[in-house]
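Asks: Submitted below is the structure of interest, expressed as structure tokens.
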Amino acid sequence: MTISWFQAALLGLFACLSSMPGLGGTTIGNYTLGRPLVGGLVCGLILGDIKTGIVCGVAMQLVYIALVTPGGTVSADVRAVSYIGIPLAMVAIHSQGLSATSSDAANLAKSMGTLVGTIGTVLFYGTATMNLVWQHIGWQAVEKREFKRLYVVDWGLPWISHIVFSFIPTLIMCKLGADAVTALKNALPMDGIPMKTLFTVGSLLPCVGIAILLKQIVEKAVHFIPFFVGFTLAASLGLNLVSCAVISLIFAVLFYELETIKNMRATASAEASDFDDDDEEDI
């Protein structure tokens, strides 16, 4: 698989739209087009291999499933993961002759996505820094009451930031990086230690994403029970996503009913306490 200049330019355009601060908006851009799950489909359509693109997107999304960007802090740039990491991972999978549905393909995709995501933080901070220049121009326009200039500040000037730190890096890295990834086929054979190391690291990376997600949603030790039950069922019985979703729904209903009963008892106890207080006052 090779990436043409036109395909690299399309990938760069989508990288611009999903860049933060959002050129395509926060909802449509960063939290939709910028997610690896969606980016995998887009990359698959552009490069002509939807199956491999989706597989790479799903594998990388698992690593960054709990990634948030509070304020101006970002640990990894999913925009770079989606539109630089996924295309390069697709080229690597094809050059190594791996099956798109194999575990080795998913592990290789996760390793490459993590590497590119770390590099992408430089692009994120570069975009944000250049946008501060446009913000300063906007404040000057407000002070001079030249409000019509704000249209240029809001809609025109940010394109420069995203072209410099999104479009051009994506264009160059996808086009030239694809040739480098293909050349690695001879330098790093499949049975060599470097490739085995990449596969091993890639297989462990989803644990990081799941651990971060659990840290955000688990408040008590008892909350781990549904997770371990679901994991055990999926691992031992080989359940698909639909079956896991049905079991999760059952647990959700049970927890809802238990919380409802608990709240009803608390309300009844409070009412009984108020009734006793009223009787004592009457006496």
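Asks: So how far apart, in nm, are the two label points at Arg265 and Gln140 if each is 7 Å from Cα heading toward Cβ?
Replies: Result: 6.8 nm between the two label points.
Asks: Right, another one. Order 122-134, 224-236, 97-109, 47-59 from most to least packed using the mean count of other Cβ atoms within 10 Å.
Replies: 47-59, 97-109, 122-134, 224-236
Asks: Using the 10 angstrom Cβ neighbour count as an exposure proxy, how do Arg265, Arg149 rank, fewest first?
Replies: Arg265, Arg149
Asks: Then there is this: In which sequence would Thr2, Thr170 go, from the one with the fewest C-beta neighbours within 10 Å to the one with the most?
Replies: Thr2, Thr170
Asks: Next up: Just to be sure I understand the model, the point goes 7 Å from the Cα along the line to the Cβ. What's the resulting Thr2 to Val164 distance in nm?
Replies: In this crude label model, Thr2 to Val164 measures out at 3.3 nm.
Asks: Which distance in nm do the two modelled labels at Phe227 and Thr32 give, with both placed 7 Å along the Cα-to-Cβ direction?
Replies: Rounded to a tenth, the inter-label distance reads 3.0 nm.
None of the figures in this text is laboratory data; all of them are computed from the coordinates on show. Keep in mind the model is a prediction, meaning the values are calculated, not measured. Cβ: placed from backbone, ideal geometry, glycine included. Neighbour counts: every protein chain shown.
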